[in-house]
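Peer 1: I have a structure here, written as structure tokens, and I will follow up with some questions on it.
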Amino acid sequence: MESKSDSYAGSLVASLLSRMRRFLFHVLSTGPIPNHIAFILDGNRRYAKKQKLKEGMGHRAGFLALMSLMKYCYELGVKYVTIYAFSIDNFKRQPEEVQGLMDLMLEKIEGLLKEESIVNQYGVRVYFIGNLKLLNAPVRDAAAKAMKATANNDKSILLICVAYTSTDEIVHAAQEAIEEKWGETQESSKASGAQNSEICQEKHEGHRTIKLADIERHIYMGLAPDPDILVRTSGESRLSNFLLWQTSTCLLYSPKALWPEIGLRHIVWAVLNFQRVHPYLEKRRKQV
Ligand SMILES: CC(C)=CCC/C(C)=C/CC/C(C)=C/COP(=O)(O)OP(=O)(O)O
């Protein structure tokens, strides 16, 4: 059992580490701080295997790592954090694993709403991004509840991509943009009393004139600026169908650590690298 002096020493060390971290962040903030960092949470099952844990425990450890990372990002002044929590392709995994992940998600979303959670400590507004109708009803309802409950938080933003892939996001946005154009075309045809053949012609023209901005208006991630840094753990540098539309001028950082092993040093290193290439990234952005 932990004695009183042990717990006193423990809280002293925690407070010292927190002060050191804040000092480090203060020094870092003399340079540009990324506005948006996105994470691909790779390597949770490998971590469980490495630590000889049950597979689901890797994802639980991954969630704890996520909480620490969010804390570091928000303390550092990063406004937007996006995570790839579950891709549409992940539905192809063994049914027990998918169910285990959905159960974990449900439990953790409910936990995020508790008063003492990081979301409330840091004034985080939560968005769930993706094809949410693919989720089971309890997770979808919990996601809707979390978005509603945090709607008045405005200090920071957490975007949780679930049932998400970039190609699905782009197809969805293109479809909505076409429907919007078609709606406008019909309206203007009605107003001018055009004949059916003319409507068809206008519809055709309307489709042909879809612009980049029409698609961007309907992209799920449109509520956030493009990420400045994309972190993918476990040494992989593939994007795996994540934020393909949004990452043309983004710094990719792929530390060897498995997701549950990610920590403060990785964030500091990512930000230092971002600061080093910042003038170049800004130039590229202006050109784009
Ligand atoms: C509410 C909320 C935000 C919950 C998030 C929970 C969480 C940590 C989800 C990660 C899910 C996932 C499929 C990660 C990829 O690791 P992997 O399973 O592919 O592991 P591997 O790369 O070792 O195979």
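Peer 1: Using mean Cβ contacts within 10 Å as the protection proxy, how do 250-261, 8-19 order, highest first?
Peer 2: 250-261, 8-19
Peer 1: Oh, and also: So what's the net charge close to Val288: Lys and Arg +1, Asp and Glu -1, counting the other residues with Cβ under 12 Å from its Cβ?
Peer 2: Net local charge, Val288 excluded: +2.
Peer 1: Excluding same-chain residues fewer than 8 positions from Lys190, which aspartates and glutamates have a Cα within less than 17 Å of its Cα?
Peer 2: Glu179, Glu180, Glu198, Glu202, Glu205
Peer 1: If we sort 156-167, 60-71 on the protection proxy, mean other Cβ atoms within 10 Å, highest first, what's the order? Write out the running numbers ahead of the final one.
Peer 2: On the way: 156-167: 22.2, 60-71: 18.2.
Ranked from most to least packed, the peptides come out as 156-167, 60-71.
Peer 1: Need one number: nm distance between label points at Gln175 and Gln99, each 7 Å from Cα along Cα→Cβ, rounded to one decimal.
Peer 2: 2.9 nm
Peer 1: Would you tally the net charge around Val13, using a Cβ to Cβ cut-off of less than 12 Å, leaving Val13 out, and scoring K and R as +1, D and E as -1?
Peer 2: Here the charged neighbours net out to 0.
Peer 1: Now for a different question. Please report the relative contact order for the chain, taking Cα pairs under 8 Å with a sequence separation of at least 6, and give it as a percent rounded to a whole number.
Peer 2: 24 percent
Peer 1: At a threshold of 8 angstrom on Cα-Cα distance, excluding pairs fewer than six apart, so keeping six or more, what relative contact order does region 85-171 reach in percent?
Peer 2: It rounds to 40 percent for region 85-171.
Peer 1: Using 1/(1 + (r/R0)^6) with R0 = 41 angstrom and r between the beta carbons of Arg284 and Leu17, what's the FRET efficiency to the nearest 0.05? Please report the intermediate quantities before stating the final value.
Peer 2: Working: r = 37 Å, r/R0 = 0.90.
Efficiency, from the Cβ-Cβ distance: 0.65.
Peer 1: If you average over every viewing direction, what projected area does the convex hull of the Cα atoms of region 205-280 give, in nm²?
Peer 2: Computing the convex hull of the Cα atoms and averaging its projections yields 6.8 nm².
Peer 1: Over the alpha-carbon set of the chain, divide Rg by the Kirkwood Rh and report the Rg/Rh ratio to two decimals.
Peer 2: 1.05
Peer 1: While we're on this one: Which of the GluC sites (Glu not before Pro) found in region 45-126 are loop residues per DSSP with 11 or fewer other Cβ atoms within 10 Å of their Cβ? Each step should come with its number before you reach the end.
Peer 2: Values: sites: Glu55, Glu75, Glu96, Glu97, Glu107, Glu110, Glu115, Glu116; in loops: Glu115, Glu116.
Here the GluC sites (Glu not before Pro) that fit, given the DSSP loop and packing criteria, are Glu115, Glu116.
Peer 1: Let me ask something additional. In degrees from 0 to 90, rounded to the nearest 10, what is the angle of the helix 166-192 Cα long axis to the longest principal axis of the chain?
Peer 2: Compared with the principal axis, the helix lies near 30 degrees.
Peer 1: Using packing as a proxy for protection, rank 124-137, 270-283 so that the peptide with the highest average count of other Cβ atoms within 10 Å comes first.
Peer 2: 124-137, 270-283
Peer 1: Please give every one of the lysines within straight-line cross-link reach of Lys50, meaning a C-alpha to C-alpha distance under 27 Å, and leave out same-chain neighbours fewer than 8 residues apart.
Peer 2: Lys71, Lys92, Lys108, Lys256
Values in this text are rule-based calculations from the coordinates and carry no lab data. These figures come from a predicted structure and were not determined experimentally. In this analysis, Cβ positions are derived from the backbone assuming ideal geometry, glycine residues included, and neighbour counts consider all displayed protein chains.
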